[in-house]
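The values are calculated or read from the model by the stated rules, or taken from the named source; none is laboratory data. Here the structure is a predicted model, which means the values were calculated and not measured. Cβ atoms come from the backbone with ideal geometry, glycine included; neighbour counts cover every protein chain shown. Accessible surface is based on the protein model in full, side chains and every heavy atom, while ligands, DNA and RNA are left aside. Shrake-Rupley method; radii C 1.70, N 1.55, O 1.52, S 1.80 Å.
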Amino acid sequence: MNNKTKYDAIKIREDFPVLFQEVNGKPLVYLDNAATTQKPLSVIRKISEYYEKYNSNIHRGVHFLSQKATAEYENSREIVRRFINAKSTKEIIFLRGTTEGINLVANSFGKSNLKAGDEILISHMEHHSNIVPWQLLCEVTGAVLKVIPISDNGELDFDAYKNLLSERTKIVGIVHQSNTLGTENPVKAMAKLAHDAGAIIVVDGAQSIQHFAVDVQDLDCDFYAFSGHKLYGPTGTGVLFGKESLLSTMPPFQGGGDMIASVTFEKTIYNSLPYKFEAGTPNIEGVIALGAAIEYIEGIGLDNIYSYEKELYSYTAEKMSEYPEIKLIGSAPKKGGVFSFVIDNIHPHDIGTIFDLEGVAIRTGHLCTQPVMKRFNIPAVSRVSLGIYNTKEDIDRAAAVVKKVLEVFA
Ligand code: 7TS
């Protein structure tokens, strides 16, 4: 699809078989895309193709099947490199997801570079997976975790960020787009300041990679982690981009097969990049199908996705504003397709249950961002999160459920 072609969500929907079913007697509406996205047929077929035609272990067989599987796996690496504009495939590490990517940086870079008194700076809107690995690192190194505050509309306090940076700061960890507030953070400007202070920056891209174009060289981030399953690809797959200059100095995260060049009982020599960080048999079919997912997304075009989802978010906000009982959590001027809300005196889990009875899937709870809940003094939220196949009709269905919720609890 080029920029002149009209975005056709109805046509895109047809590529997603799971969307064509009834739930509780109503046609399914899927609005839980921030938790995970559905998979297009091209991804599902790529997984079957692997098992039907060339299931085999990679990087170790001279036989045909192994060579074919290895070529497909490495082709995905090149697809990812191109997708995020990394300089080299040496900088693309395949892992289980965002969580594992951040844990790799904390364990490998963190343990070998941080000491007592050093500081790690994260924001108040981080997902638990960009909080806990740093706390674990602080426990073993004596480093200190510092938190950049956020404003009442869910924006990062950029002045506070500048003030918190110092020669003690060694790592800045920041979410590119918040899963709860939708806030898009100014990663490029943050990277510049982090580098000026002598720190590295690790970006949690779990909620950005599927919504807008990411260029790791332009952002000048040191690490960028994302999950395949939120990018219309398989679960159990993910990517950690890391600058070669850093990865080459870092020790392995795990030891085992594939990550070595030679092993004796006296000494092991590690494999070259990126294999040094890919111990053991990976999710081969998942990584191969992740390549298909990225090609699918590229076929629609991230700029098209970005503008369509912006438009659909505006429609969502407008529809929901018809109910004064709804309180939106997160209204930063720059935000993506995430609408988290609370309604006084109605628990989000009750809201979620009524949505489900009406065939509309949304997420409720603390969304693995308990500090955000505390910041806004709420126990939990209900969240509508948009994907490429959602339509205005989906939003109308969600708004109709809100009406029902208000009637039930009147
Ligand atoms: N970072 C952010 C910003 C996330 O939203 C999530 C998952 C993760 C990291 C972890 O990703 P994983 O693939 O490694 O598990 N977020 C959500 C969510 O919002 N609802 O369910 C999972």
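Figures for the structure shown
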read-out	value
Under 29 Å from the Cα of residue 68 - lysines, other chains or at least 8 residues apart	39, 46, 53, 87, 90, 230, 243, 276
Solvent-accessible surface ranking, highest first, for 248, 385, 151 at 1.4 angstrom	248, 151, 385
Computed FRET value (nearest 0.05) for residue 64 with residue 334, which takes r as the C-beta separation and R₀ as 60 Å	0.75
Low-density loop cleavage sites - GluC sites (Glu not before Pro) in segment 105-187, where at most 15 other Cβ are within 10 Å (DSSP)	167
Fluctuation leader among 384, 203, 147 - the chain, Gaussian network, Cα springs under 10 angstrom	147
Positive-end residue, the chain charge dipole about Cα centroid, Cβ charges, pick of 260, 50, 107	260
Extension gain (nm, one decimal) between residue 409 and residue 158, 0.36 nm per residue minus Cα-Cα	86.3 nm
When segment 45-298 is reduced to its Cα atoms, the Kirkwood hydrodynamic radius in Å	18.8
With every protein chain in place, the chain: carbon and sulfur % of accessible area (1.4 Å)	53
Aspartates and glutamates with Cα under 18 Å of residue 6, excluding same-chain neighbours fewer than 8 positions away	14, 15, 298, 303, 309, 311, 393
For residue 19, solvent-accessible area (1.4 Å; no DNA, RNA or ligand), Å²	10
Calculated [θ] (222 nm, deg cm²/dmol) that DSSP helices of n ≥ 4 give over the chain, each run adding -39,500 (n - 2.57)	-10500 deg cm²/dmol
Förster radius 45 Å - calculated FRET efficiency between residue 75 and residue 151, Cβ distance, rounded to 0.05	0.55
Under-5 Å amide H pairs with residue 329, H placed in peptide plane, nonlocal only	340, 341, 342
Longest site-free stretch - the chain; sites: trypsin sites (Lys or Arg not before Pro), DSSP loop, at most 10 other Cβ within 10 Å	116-266
Solvent exposure of the chain as accessible area per residue, Å², 1.4 Å probe	42
Normalised contact order of segment 62-178, rounded percent, pairs of Cα under 8 Å and 6 or more residues apart	25
Cross-link pairs beyond the 27 Å C-alpha cut-off, checked among 327/404; 115/146; 146/310; 192/335	146/310
The chain, relative contact order in percent, only Cα pairs under 8 angstrom and at least six apart counted	23
In sequence order, calculated HN-Hα J values of segment 184-194 (Karplus, 6.51, -1.76, 1.60; Hz; x Gly/Pro)	9, 8, x, 4, 5, 5, 5, 5, 4, 5, 4
FRET efficiency estimate (nearest 0.05) - Cβ-Cβ, residue 112 to residue 268, R0 25 angstrom	0.90
